[in-house]
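J.: I'd like to ask some things about the structure below.
Values in this text are rule-based calculations from the coordinates and carry no lab data. Because the structure is predicted, anything quoted here is derived from the model rather than measured. Neighbour counts run over all protein chains shown; Cβ positions are idealised from the backbone, glycine included.
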Amino acid sequence: MAERDSLTGERPDSGWIVRDAIPDDDGAACLEIYAPFVRDSFVSFEERVPTLEDFAQRIRAATTTHAWLVLELAGQVVGYAYASAHRSRAAYRWAVDVTVYIGPSYRRSGAGRRLYTELLERLRRQRFEVACAGITLPNDASVGLHRAMGFEPVGVYKRIGWKMGAWRDVSWWQLELAPATDAPPTELLRAIEAWPDPPMSRR
Ligand SMILES: CC(C)(COP(=O)(O)OP(=O)(O)OC[C@H]1O[C@@H](n2cnc3c(N)ncnc32)[C@H](O)[C@@H]1OP(=O)(O)O)[C@@H](O)C(=O)NCCC(=O)NCCS
């Protein structure tokens with residue numbers, strides 16, 4: 001884990017790499033991070049762990065339309081973040097849902113912030129206007145991360161899902177990716193147009 005400098009509070013360059021996920025190579029590592037949240041928590045509302053094939057297909061789909069990024073340390077994927085359509089109806093197309101999962105050993109080390117910083121930049125380049133995040137409550141870490149990234153609370157869906165023996169509330173958060181104006185939005189760029197040759201960014 002990247003420790004803060006005791007004087008400046010900064011985290012040193014830790015050799016972390018943020019890069020696009022490669023569906024067939026990174027699927028297993030991402031699924032390993034995600035599976036416990038399906039099996040043992042209400043963070044994800046899925047009830048069955050997806051197969052590796054299904055999960056790789058999710059990565060493929062997100063990469064085509066939006067982005068799926070992984071955070072790599074010493075050749076190991078330690079977290080991931082991705083975006084997908086908020087709703088399928090056409091007028092919603094400038095709105096995305098974002099989410100992020102970090103492996104247990106790397107939490108509160110700046111990993112989530114690094115992934116989101118890059119993901120949100122990708123989404124801006126594609127001309128998405130607003131990023132949304134739904135957080136099953138309670139989840140102090142996720143609320144803290146979204147607040148730290150500038151998301152604002154929108155409202156809470158009460159008792160919207162049943163998981164692990166109880167009704168669960170979901171808090172929704174929103175971030176303007178572009179300055180809010182009344183002008184019509186610019187048409188979206190496809191991921192490949194916005195990032196024809198995505199740089200492998202070292203942070
Ligand atoms: C939520 C999660 C992605 C946050 O990522 P992370 O790498 O641990 O967070 P970071 O270290 O980048 O923290 C960035 C900021 O978020 C806030 N934050 C992070 N963890 C926090 C916590 N446990 N409590 C309160 N605030 C927290 C802080 O403001 C932090 O900045 P600081 O460390 O300078 O104070 C991570 O905890 C995780 O994977 N949790 C399990 C899966 C999950 O809940 N995913 C979100 C689904 S909605």
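J.: When the scattering of region 33-119 is computed by the Debye formula from its Cα atoms alone, each counted once and equally, what is log10 I(q)/I(0) at q = 0.12, 0.16, 0.18 Å⁻¹?
T.: -0.40, -0.71, -0.89
J.: Quick one: what do you get for region 17-188 if you divide its Cα Rg by 2.2 N^0.38 Å?
T.: Cα-based Rg divided by the globular estimate yields 1.01.
J.: Here's another thing I want to ask about it. Please list, in order along region 51-65, the HN-Hα scalar couplings obtained from phi with the Karplus expression 6.51 cos²θ - 1.76 cosθ + 1.60 (θ = phi - 60°), rounded to whole Hz, x for Gly and Pro.
T.: Listing the rounded values in order: 5, 4, 5, 4, 5, 4, 5, 4, 4, 4, 5, 5, 5, 6, 9 Hz.
J.: Here's a follow-up. Each label point is 7 Å from the Cα along the Cα-to-Cβ direction; what then is the distance between the points at A91 and M164, in nm?
T.: 3.8 nm
J.: Follow-up question, since we're still on this one. Need the full-extension length gain, R107 to I192, defined as separation in residues times 0.36 nm minus the C-alpha distance. One decimal, nm.
T.: Going from the current span to full extension adds 27.5 nm.
J.: Related question: Quote to one decimal, in nm, the extra length available between E121 and E152 on full extension: 0.36 nm per residue of separation minus the C-alpha distance between them. Intermediate values should be presented prior to the final figure.
T.: Numbers: separation 31, 0.36 × 31 = 11.16 nm, distance 1.78 nm.
Going from the current span to full extension adds 9.4 nm.
J.: Which Cα, out of W172, V130, Y82, lies furthest along the positive dipole direction of the chain (beta carbon charges, K/R +1, D/E -1)?
T.: Among W172, V130, Y82, the one farthest towards the positive end of the dipole of the chain is W172.
J.: Which order, highest average first, do 67-73, 162-168, 34-40 follow once you tally other Cβ atoms within 10 Å for each residue and take the mean per peptide?
T.: Result, highest mean Cβ count within 10 Å first: 67-73, 34-40, 162-168.
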